[in-house]
Amino acid sequence: MRKGGRAGFARGTEEFSRVLAFSDGVFAIAMTLLVVGIAVPTLTNGGDEGELLDAYGDLRSEVISFFISFAVIGRYWVAHHQMFGLLRAMDYTLVWINLLYLGFIAFLPFPTDVLGNYFENPISVATYALAVAVVSGLEVMQFRHAYRAGLLLREMPEPVYRWGVLASSLPVALFVLSVPIAFLSTVAAVVVWFLPAPTQLVLNRLRPAEAADWL
């Protein structure tokens with residue numbers, strides 16, 4: 001592992017904790033803002049049971065997109081927590097990559113709202129898929145930089161590093177793949193978004209034995 005320059009701040013320092021607290025805050029706000037895209041139904045004269053049920057039906061796409069995005073952002077929060085748990089220190093390059101990463105996390109409520117309102121439009125599906133692909137790509141960049149700059153708690157075996165990059169790159173490939181599929185079928189494109197979970201099970205069979213101590 002190539003050792004980089006002197007780290008900006010070590011685990012346990014106030015600066016390290018501030019980065020983690022800021023990151024958690026962005027995740028929490030982004031996940032909360034997702035529900036803003038679901039508008040409360042407006043009924044005539046208070047409406048009746050049938051009218052309210054019809055209004056709920058009209059919100060189906062918005063509700064589905066909310067839960068998809070909540071699960072996606074939640075998954076990235078867990079991955080962020082796991083990755084930063086491996087660090088002994090941060091440098092300013094990692095902080096800047098993390099800031100860019102958080103910018104796209106904060107951006108996700110917008111394509112989620114568009115997706116909920118225009119689910120049948122392939123452009124809305126492609127916009128969401130590309131935004132998530134960028135988030136996944138930046139996640140890989142964080143991991144690669146931490147490894148190469150010697151910021152991990154201890155030296156990671158090369159096979160474990162290569163497997164970690166492969167596993168982290170999987171969502172990038174699948175979300176990018178879903179973009180052309182969206183122009184054939186938006187439903188099929190969304191199905192592709194759920195493939196990382198079963199594909200991860202296959203990748204786990206290739207996981208080096210040493211990875212149990214890391215991932």
Within segment 83-108, the residues that are closer than 16 Å to Arg148 by Cβ and within 18 Å of the chain's Cα centre (by Cα) are Met83, Leu94, Val95, Trp96, Ile97, Asn98
Looking across segment 181-200 at residues that are outside any helix (DSSP H, G or I) and within 17 Å of the chain's Cα centre (by Cα), the single one that is farthest from Ile73 (Cα to Cα) is Leu195
May I ask you to verify whether Val114 is more than 23 Å from Leu33 (Cβ to Cβ) and of a type in the set (Val, Ile, Thr)?
no
So for segment 65-78 (the condition being at pLDDT 75 or above, open to solvent by 60 Å² or more (accessible area, probe 1.4 Å) and not hydrophobic (A, V, I, L, M, F, W, C)), does at least one residue qualify? yes
Residue hits (segment 9-56; at pLDDT 75 or above and over 24 Å from Phe107 (Cβ atoms)) are Phe9, Ala10, Arg11, Gly12, Thr13, Glu14, Glu15, Phe16, Ser17
Exactly one of Val132, Val140 is under 13 Å from the mean Cα position of the chain (by Cα), under 21 Å from Leu170 (Cβ atoms), open to solvent by 10 Å² or more (accessible area, probe 1.4 Å) and not charged (D, E, K, R), and that residue is Val140
For segment 51-66, pairs from a residue that is under 10 Å from Pro41 (Cβ atoms) to a residue that is hydrophobic (A, V, I, L, M, F, W, C) and open to solvent by less than 60 Å² (accessible area, probe 1.4 Å), with Cβ under 7 Å and 6 or more apart or across chains, are Glu51/Leu43; Leu52/Leu43; Ala55/Leu43; Leu59/Ile38
Scanning segment 170-195 for residues that are without any contact (Cβ under 8 Å) to a residue 40 or more places away in the chain, closer than 18 Å to Ala71 by Cα and surrounded by 15 or more Cβ atoms within 10 Å (Cβ to Cβ) gives Leu170, Pro171, Val172, Leu174, Val192, Leu195
* Within segment 143-161, is there a residue that is of a type outside the set (Asp, Glu), under 29 Å from Phe66 (Cα atoms), modelled with pLDDT of 90 or more and surrounded by 17 or more Cβ atoms within 10 Å (Cβ to Cβ)? -> yes
- Task: Return yes or no: is Leu195 at pLDDT below 90 and in contact with a Phe, Trp or Tyr (Cβ under 6 Å, 6 or more places away or on another chain)?
- Result: no
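The values are calculated or read from the model by the stated rules, or taken from the named source; none is laboratory data. On a predicted model such as this, the values are computed, not experimentally measured, just so you know. FYI the Cβ positions are ideal-geometry reconstructions off the backbone, even for glycines, and counts take in every protein chain you see. Quick note on the areas: whole protein, heavy atoms, side chains included, nothing else; ligands and nucleic acids left out. Shrake-Rupley method; radii C 1.70, N 1.55, O 1.52, S 1.80 Å.
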